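Derivation of every value follows stated rules applied to the coordinates shown; laboratory data play no part. Just so it is clear, the structure is predicted and the values come from calculations on it, not from any experiment. Here Cβ is always computed from backbone atoms with ideal geometry, including for glycine, and neighbour counts include all displayed protein chains.
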Amino acid sequence: MIKKIANTIRGLVADIVEKANSGHPGMPLGTAEIAAILYSEVLKHDPTAPDWADRDRFVLSAGHGSPLLYTLLHLAGYQMPMDELKRFRQLHSKTPGHPEYWDTPGVETTTGPLGQGISNAVGMALAERMLAARFNRPGYEIVDHYTYVIAGDGCLMEGVSSEACSLAGDLKLGKLIVFYDDNGITIEGSTELAFREDVLKRYEAYGWQVLAIDGHNPEQILKAIEEAKADTVRPTLIAAKTKIGKCSPLEGDPECHGAPLGKENVAALKQALGLPADEFYVPAEVYDHFAAKRTGWTAARKAWEEKFAAWSKTYPELRALWDRVMKRELPADLAAALPAFEVGSQVATRDAGGKILSALSPHLPELVGGSADLSPSTKTYVKGAGDVGNGQFDGKNFHFGVREHAMGSILNGLSLHGGFRVYGSTFFVFSDYMRPPIRLAALMHQPVIYVFTHDSFYVGEDGPTHQPVEHIEALRLIPGMRTIRPADANETAWAWLLALERTDGPTAILLTRQKVPTLAGTNFEGFARGGYIIREPEGQPDLVLIATGSEVSLAIEAAEQLAQEGKKARVVSMPCRELFMAQDPSYISKVLGPDLPRVAIEAGVGSGWYQLTGPLGLVIGLDRFGVSGPYKDLAKYFGFTADAVVAKIKSFLKW
């Protein structure tokens, strides 16, 4: 039956790509046996309940092979009707060009950017082990599932997979099983053009169990899975030798990687497989086979539900926590746990962030995270909360090592799995290393939190390599991203609250290295709207100063200096421009004034501020790289002093 299912998959994939006249048939044709065994014989899943918490996860890291996944979902009985297979890559179909989380039941993560899927899977496998450590009790293993992956040469070439898989070995994620589609082909030709390394030895060095099989041999595939499960400590890489375009006239040819086979080759494929020439043909016995399997899958899920109900009765407090974290709900009194900071005190917002995180952590068992080897600087280590690592999964602090890219991808996997609210931290300038998973978090609506410290040229002596300039605007350009740059310690507390309250997308909190004053006039209601008046002069203002982060106190200082010259300046703190721009126009007009000259001040590239100041407004930014030197000297050099700001304003307004 496995061969029949595999050949049915091949026929469907060829038709799917041919009808769309677009797609990648080669990889699905080559991995059909692996896929057939996983979905028919191995996965613990129930297509009638695709969100079952204890299901096995399957990640098609080689997302260009999406017709394989869609075909599997159709045959297994997910909400994937044949009509959707026929609408592959068409507008608003459930079968987009690469698998997209959120749109299609049974798709666990958005894949396509190579290396991201396998790295997400590390996060999913980590989430499984951490949930088991928190919720399982003797006789009640309510969390007990595997994470399976099909990855190709491209996934293993991308550096992010090396970062993530190295960490997976160190963590001892024994329930992570990766099939490496070792077909020796990339778009340009043989992998030997640029990829001659011994992948198996590399993964052995990572601390993985490594197995090598014929990827077209069902007995070897099943035996390898048994061996993978027998090793409960090491993750497993199953290197499956396959032929791209298997059974087609283009078998082994790079040409079938990313283009339809062509009608004649499709016909030849079907003839070789003993399939009729009919398009989108599925033998009745294949449908019957999966229908029978669904009965067993549903029975297994219901048996788990009975165990879950018994566990709930025995451990009602754990059940209440389970329900809350799985729904991403927060404790009702969480805001009361936030520390308050005294007006006038001088506090670096990174230091404030550390105190806030430590205050929130005891109230949020699900809040876990860490840094890319920078927690002493980013202040994101929670003392007394325990570490995650080396097979220990009951802690809350991750040590990602110097692996920003993998950190971002693993955070996505943790979030997608469910049960945790996650954060990761590094210096803001190194957000460049993790931009792909940040973009994917936004695309997948995942509420990942990023704590980026050392947020401007005020980093100082480390120089331009460590001084972010364009980064804040780069984050704001990502659709669905929310970028918060708090002005002081109290705004930092509210930034954490807003980030935790959000469940539909990622949030970046940008924090200072240098101390900034704790300001009078801050208020949460205005902060939550993205921008608000923090200083209002008596009488009608002559202009409005808009600032973020450490520049809010600078704007206030400049306003006070202008006041001495008889000019009245309103100061607006705008911690989150995206939130502010989403407000009702009447609120925007109330805060900025309909007719006031507008000046925006931010220690970074300023081009985005013209949407608020207007094309004739004044933007005081930094449209160049920084230099090395003490931060106070840099502030003078770049014109971020009250005297310099006032001089620019007076020149601009011709006062």
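If each Cα of the range 1-120 is one equal point scatterer, what is log10 of I(q)/I(0) from the Debye formula at q = 0.18 Å⁻¹? For the range 1-120 at q = 0.18 Å⁻¹, log10 I(q)/I(0) is -0.89.
With θ taken as phi - 60° and the Karplus curve 6.51 cos²θ - 1.76 cosθ + 1.60 applied, the whole-hertz 3J(HN,Hα) list for the range 115-121 is x, 6, x, 4, 6, 4, 4 Hz, x standing for glycine and proline.
Give me Rg over Rh for the range 362-442, both radii from the alpha carbons and Rh done the Kirkwood way, two decimal places.
Numbers: Rg = 12.1 Å, Rh = 12.8 Å.
Reported Rg/Rh, Kirkwood definition of Rh: 0.94.
Filter the GluC sites (Glu not before Pro) in the range 155-207 down to the DSSP loop ones having no more than 14 other Cβ atoms within 10 Å, then list what survives.
On the way: sites: Glu158, Glu163, Glu188, Glu192, Glu197, Glu204; in loops: Glu158, Glu188, Glu197.
Answer by residue number: Glu188, Glu197.
Here the label points at Asp198 and Leu222, each 7 Å from Cα along the C-beta direction, are separated by 3.2 nm in the simple model. Plainly put, the range 2-297 has a radius of gyration that is 0.95 times its Kirkwood radius, both from alpha-carbon atoms, as the Rg/Rh ratio.
In the chain, the calculated helix contribution to ellipticity at 222 nm averages -12000 deg cm²/dmol per residue, counting -39,500 (n - 2.57) for every DSSP H run with n ≥ 4.
Between the beta carbons of Leu477 and Asp373, assuming R0 = 22 Å, the FRET efficiency works out to 0.20 to the nearest 0.05. In the neighborhood of Asp182, defined by Cβ-to-Cβ distances under 11 Å, what is the net charge if each Lys or Arg adds +1 and each Asp or Glu adds -1? Combined, the nearby Lys, Arg, Asp and Glu give -1.
Annotation: amide H of Val516 within the under-5 Å range of Val347, Ala348, Thr349, sequence separation 5 or more or interchain, hydrogens built in the peptide plane.
Of all DSSP bridge pairs formed entirely within the chain, close to 15 percent run antiparallel. Taking Lys and Arg as +1 and Asp and Glu as -1, the other residues whose beta-carbon sits under 15 Å from that of Gly353 total +3.
Rounded to the nearest 20 debye, what is the charge dipole size of the chain about its Cα centre when +1 sits on each Lys and Arg Cβ and -1 on each Asp and Glu Cβ?
840
Placing R0 at 60 angstrom, the Cβ-Cβ distance between Ala205 and Leu596 gives a FRET efficiency of 0.45 after rounding to 0.05.
Quick one: net charge of Arg57's neighbours, Cβ under 12 Å, K/R +1, D/E -1?
Details: positive: Lys44, Arg55, Lys175; negative: Asp51, Asp54, Asp56, Glu108, Glu128.
Counting the neighbours of Arg57, the net charge comes to -2.
Taking every Cα-Cα distance in the range 470-613 and sorting them into 10 Å bins from zero, the calculated P(r) comes out as 12, 45, 35, 8, 1 percent. Dipole of the chain (Lys/Arg Cβ +1, Asp/Glu Cβ -1, origin at the Cα centre): which of Tyr180, Ser93, Leu498 lies farthest to the positive side? Looking along the dipole axis, the top candidate is Leu498.
How about the range 458-516: which chymotrypsin sites (Phe, Trp or Tyr not before Pro) there are in a DSSP loop, with at most 14 other Cβ atoms within 10 Å of their Cβ? Nothing satisfies the criteria.
For the residues Leu167, Leu579, what sequence is obtained by ranking on other C-beta atoms within 10 Å, fewest first? Intermediate values should be presented prior to the final figure.
Values: Leu167 24, Leu579 18.
Ascending number of Cβ neighbours within 10 Å: Leu579, Leu167.
So, R0 is 25 Å and r is the distance between the beta-carbons of Thr314 and Lys44; what FRET efficiency does that work out to, to 0.05? Write down the numbers at each step before the final one.
Working: r = 23 Å, r/R0 = 0.92.
Efficiency, rounded to the nearest 0.05: 0.60.
Under 15 Å from a point placed 7 Å out from the Cα of Ser607 along the Cα-to-Cβ direction: which residues of the range 616-655 have their backbone N that close? Inside the label zone: 621-625. Both numbers refer to the Cα atoms of the range 334-517; Rg and Dmax are 15.1, 46 Å.
Near the amide H of Ile601, within less than 5 Å, lie the amide hydrogens of Ile546, Ala547, Thr548, Ile620, all on another chain or at least 5 residues away, with H placed in the peptide plane. Annotation for the range 373-433: trypsin sites (Lys or Arg not before Pro) lying in DSSP loop with at most 12 further Cβ atoms inside 10 Å of their Cβ are Lys383. Each residue of the range 324-334 was assigned a 3J(HN,Hα) from its phi angle through the Karplus curve 6.51 cos²θ - 1.76 cosθ + 1.60 (θ = phi - 60°); the sequence is 5, 6, 5, 8, 6, 8, 9, x, 4, 9, 4 Hz, with glycine and proline shown as x.
Taking amide H as placed 1.01 Å from N in the peptide plane, Thr186 has its amide H under 5 Å from the amide H of Thr191, each at least 5 places away in sequence or on another chain. Taken along the Cα-to-beta-carbon direction at a fixed 7 Å, the label points for Asp170 and Asn136 span 2.4 nm. Taking only the Cα atoms of the range 530-653, the ratio Rg/Rh comes out at 0.95, with Rh defined as the Kirkwood radius.
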